[in-house]
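Working notes for the structure below.
The values are calculated or read from the model by the stated rules, or taken from the named source; none is laboratory data. Predicted model, so just to flag it, every value in this text is computed and none were measured. Note that each Cβ is placed from the backbone with ideal geometry, even for glycine, and that neighbours are counted across all protein chains shown. These accessible areas exclude ligands, DNA and RNA; they are computed on the full protein's heavy atoms, side chains included. Shrake-Rupley method; radii C 1.70, N 1.55, O 1.52, S 1.80 Å.
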Amino acid sequence: MAEMKRGANVALTREIPGLAGLVLGMRWNAGAERVLEDSLVFAAVLCGADGRARSDRDFVFFNQLASPDDSVRQPEPALDGDQEQIEIDLPSVPPEIDRVVVVLYVNESPGQRRTLGQLRSCTIRVLDARDRRELVRSEELARAFRDETAVVLGEVYRHGGDWKFKVLGQGYSKGIAGIAADYGIPL
């Protein structure tokens, strides 16, 4: 297992020939913050070469557990100690999809304002879907959070004929609305 810092990337399919499926696992610790724990949502956005979703159907989350082509899905329940997971079947991802961006956001009413800065820990990891072997994991991301209510954790993206993974850790103080604006998700 390799730990990756923000901004680092790894050439997954070049390093592991024959890699066809990924599981992106999300782990966090909200401590005693039960409201925060119950309000966190892990989601994926399928983006074209322009960095934007084609439609709201390219947003995979608790109300839409799979992309239209079923190449990206959120299994229930998550396995292997993760709170949430996203599975990606790489050969099934449509050619017009350039990247799959994974995000974590607080889904709650403004009266109960919680932020990601209250998290004790937050990491994303990439597993081989065949045997659930951990390939890489992000550094501890929670230390950088303050008043953010959403974060783009990382992305799986095409590079030439390969698939790569990059840790981002980019926070948003406007929550899912900020991510939706940047990635073209109609809310």
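For the chain, the Cα gyration tensor yields ellipsoid semi-axes of 25, 19, 15 Å (square root of five times each eigenvalue, largest first, whole Å). Taking every protein chain into account, the accessible area of the chain amounts to 45 square angstrom per residue (probe 1.4 Å).
Summarising the label geometry, the points placed 7 Å from Cα in the beta-carbon direction at Arg143 and Gln112 lie 3.1 nm from one another. One decimal place: the segment Glu96-Arg6 gains 29.8 nm when fully extended, by the rule 0.36 nm per residue minus the C-alpha distance.
Ile16 contributes about 40 Å² of solvent-accessible surface, heavy atoms of the protein only, 1.4 Å probe. Reported value for the stretch 85-187: 122 Å³ per residue, from the convex hull of its C-alpha atoms. Overall, the accessible surface of the stretch 1-121 at a probe of 1.4 angstrom is composed of carbon and sulfur to the extent of 45 percent. Place a label point 7 angstrom from the Cα of Asp80 along the Cα-to-Cβ direction, then list the residues of the stretch 118-150 whose backbone nitrogen is under 11 Å away. Counting backbone N atoms under 11 Å from the label point, the list is 125-137.
A DSSP coil position with no more than 12 other Cβ atoms inside 10 Å describes the following GluC sites (Glu not before Pro) in the stretch 67-139: Glu96. GNM remark for the chain: springs join alpha carbons under 10 Å apart, and the peak mean-square fluctuation among Asn63, Asn107, Asn29 falls on Asn63. Among the trypsin sites (Lys or Arg not before Pro) in the stretch 56-152, those located in a DSSP loop and surrounded by at most 14 other Cβ atoms within 10 Å of their own Cβ are Arg113, Arg120, Arg130, Arg132, Arg133, Arg146.
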